[in-house]
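First up is the structure itself, then whatever we jot down about it.
No value in this document is a laboratory result; all are computed from the given coordinates. Quantities reported herein were computed from a predicted structural model and do not represent experimental measurements. Positions of Cβ are generated from backbone atoms using ideal geometry, with glycine treated the same way; all protein chains shown enter the neighbour counts.
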Amino acid sequence: MPKLITILNGPNLNLLGKRQPEVYGHETLDDVKRACTALAAELGYDIDFQQSNYEGGLVEMIHAARETSAAIVINPAAYTHTSVAILDALNAFDGPVGEVHISNVHKREAFRHHSYVSQRADFVIAGAGTEGYLLALRRVASLVGGM
Ligand code: CA2
C-alpha cells in the first residue's frame, strides 16, 4: 500500500492563480494538487493535499499527519512569519518536513525574511514558483526512502 505524504497550504492560497499572477503565477491550487498527485504516484506515494485559512486548522492537520503520514510539505503562507503554534505542531511530527514558498521571500519585504517554520524544516524551497511543491515532494520522498 502506498505511503502518504501530507501537503498543507496556509491562508489565502485558495486564491492562487486568481489574483496577483505577477507574484504567484497563473496556476491554481487545484492545478498544483493535480501535478503533486501525478508526481506522488510516480514516486509510489499517495498525497493528502489540504488548504486552510485558519491557524488552528493547520495545527490540527499537522496533528493528524502524525498518525497518517510519512512526511509533510507545507507552505504556511503568512503564518510562516508569525506562528509559533505551527512550529510547535511540526516539532511534534517525527518525519521529514519541507517548507515551500512560491515566491522568493528573501527578495520581498523584510517581514517575510524570517520563518518560524524554518527552525523545524529539513529544507526550504523559495522562489521556484509552484514547481517548488514538486521539488519538495521529490526531496521528502527521498528522505523517507533513506530513513
Ligand atoms: O511565496 C509564498 O508561497 C508565500 O508563502 C505566500 C504567502 C506570503 O504571505 C508568504 O510571505 C510567501 C501569501 C499567500 C497568498 O497567496 C495568494 C495567492 C494569490 C492571490 C492572493 C494571495
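Between ALA71 and residues 5 or more places away or on another chain, which pairs have amide H atoms under 5 Å apart, with H built 1.01 Å from N, and which residues are they?
THR6
How large is ³J(HN,Hα), in whole Hz, for each residue of the range 29-35 in order, when computed from phi with the Karplus curve 6.51 cos²θ - 1.76 cosθ + 1.60 and θ = phi - 60°, using x for Gly and Pro?
Per residue, the Karplus-derived 3J(HN,Hα) values read 5, 5, 4, 5, 4, 4, 5 Hz.
Pairs of Cα atoms under 8 Å, at least six residues apart: use those to get the relative contact order of the chain, whole percent.
Relative contact order comes out at 27 percent.
Checking the cross-link filter: which aspartates and glutamates have an alpha carbon closer than 14 Å to that of LYS3, excluding same-chain neighbours under 8 positions apart?
The reachable aspartates and glutamates, counting only those whose Cα sits under 14 Å from LYS3, are GLU42, ASP46, ASP48, GLU67.
If you take the charge dipole of the range 10-147 about its Cα centre, with +1 on Lys and Arg Cβ and -1 on Asp and Glu Cβ, which of TYR79, THR68, LEU43 is farthest toward its positive end?
Comparing the listed Cα positions along the dipole, TYR79 ranks first.
Any chance you could check the Cα centroid distance between the range 65-95 and the range 6-38 for me, in angstrom?
Cα centroid of the range 65-95 versus Cα centroid of the range 6-38: 18 Å apart.
Using modelled amide H (1.01 Å from N, peptide plane; none on Pro or chain starts), what sits under 5 Å from the amide H of SER103, excluding residues fewer than 5 places away?
For SER103, whose amide H was placed from the backbone, the distant partners under 5 Å are GLY127.
Among the lysines, select those whose C-alpha is under 25 Å from the C-alpha of LYS18, and discard any that sit fewer than 8 residues away in the same chain.
LYS33, LYS107
Show me, for the range 97-113, the HN-Hα J-couplings you get by feeding each phi into the Karplus relation (A = 6.51, B = -1.76, C = 1.60, θ = phi - 60°), rounded to Hz, glycine and proline as x.
Along the range 97-113, the couplings run 10, x, 9, 10, 10, 5, 8, 7, 4, 7, 8, 10, 4, 4, 5, 8, 7 Hz.
With charges set only on the Cβ (+1 for Lys and Arg, -1 for Asp and Glu), what does the dipole of the chain come to about its Cα centre, in debye to the nearest 20?
280
Can you work out ³J(HN,Hα) from phi for every residue in the range 74-84, in order, using Karplus 6.51 cos²θ - 1.76 cosθ + 1.60 and θ = phi - 60°, giving whole Hz and x for Gly and Pro?
Calculated HN-Hα couplings, in order: 9, 10, x, 6, 4, 5, 3, 8, 9, 9, 6 Hz.
Return one quarter of the surface area of the convex hull spanned by the alpha-carbon atoms of the chain, equal to its mean projected area, in nm².
Computing the convex hull of the Cα atoms and averaging its projections yields 7.8 nm².
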